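First the structure, in the form of structure tokens, and then the observations on it.
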Amino acid sequence: MTRIFNSCGEGDQKRLPPNIAIDIENLWNDQDIQLVWGRRSEFWFLDATPYYFENVHRFVEDNYVPTEEDCIMTRVRTTGIAITEFDEGQVHYRVVDVGGQRTERKKWIHCFDDVKALLFVVNLAGYDQVMFEDPSQNRMRESLDLFGQICNNPVFVETPIFLCLNKKDIFEQMIQNTDLRKCFPQYEGGPDVNLALKFIEDQYKTRINDHNRTIHICHIAARFKKEVKYAWEEINTCLVEENKKTISYATKQQKKTNKK
């Protein structure tokens, strides 16, 4: 381990040298490291950890150029408030991305008004993972609590809710080895993926005080572009329908402005 860090620190290298890739591969394949990895539910880690270890030799190639999947598999924790704006047909979207960590919530949880939709993204693998800031707390349990706090906030009582259950690909593998009962003792569906997904959906639905309130739910693996595309098309269709009158009025006003 020392040799790896010392070698990486020499000079101003922008690429890992091949010998470091070999060291990283040996480290990852080490029996003790694999034993630690087998207990990964006890500490925080990046879901893409195996991906980067297993592709390390490709990353050190002289002609290496990051693929789309390489970029998707990266993760930068959201801090503060990040705003992205784009147009979809005649509709202009303003997406406000906020950090879900406990330390970030106080920056945004009371500062929104005129919100047209809530998009809540859940890491399905979180049922057997711990939080970054609190290793004693289960990720999905924390997510459920936050979901209830946000959706039951009077500010969002009329706001459409979109629940996106992400990392389905990782979840499908995990559920075969780690029973959902580890997080929810009352679960009785075993390794059946569909039963497990339905159970998790119900857990989020029960956190909303108004049981007649509609929640739009999708299951995706964000690393696959098509799944994100289909999910977004569904969200966009729902939002356009929900705001049909507003969009129609804005379009007419824009046409009047253009004529002038």
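The values are calculated or read from the model by the stated rules, or taken from the named source; none is laboratory data. Since the model is a prediction, treat every value here as computed from it, not as a measurement. Glycine also receives a Cβ, built like all others from the backbone with ideal geometry; neighbour counts cover every protein chain displayed. All accessible areas refer to the heavy atoms of the entire protein, side chains included, with ligands and DNA or RNA removed. Shrake-Rupley method; radii C 1.70, N 1.55, O 1.52, S 1.80 Å.
A few points about this structure:
- Length released on extending from Glu85 to Glu188, taking residue separation times 0.36 nm less the Cα-Cα span: 32.7 nm
- Estimated at 0.36 nm per residue, the fully extended path between Asp210 and Lys226 surpasses their Cα-Cα distance by 2.5 nm.
- Across Lys168/Lys244; Lys182/Lys225; Lys116/Lys229; Lys116/Lys182; Lys198/Lys225, pairs whose alpha-carbon gap is larger than 29 Å: Lys168/Lys244; Lys182/Lys225; Lys116/Lys182
- Asp97 sits with roughly 70 Å² accessible to a 1.4 Å probe, with DNA, RNA and ligands left out of the calculation.
- Between Val155 and Arg94, full extension at 0.36 nm per residue minus the direct alpha carbon distance yields a gain of 20.1 nm.
- Label point distance in nm, Phe132-Asp30, each placed 7 Å from Cα along Cα→Cβ: 2.5 nm
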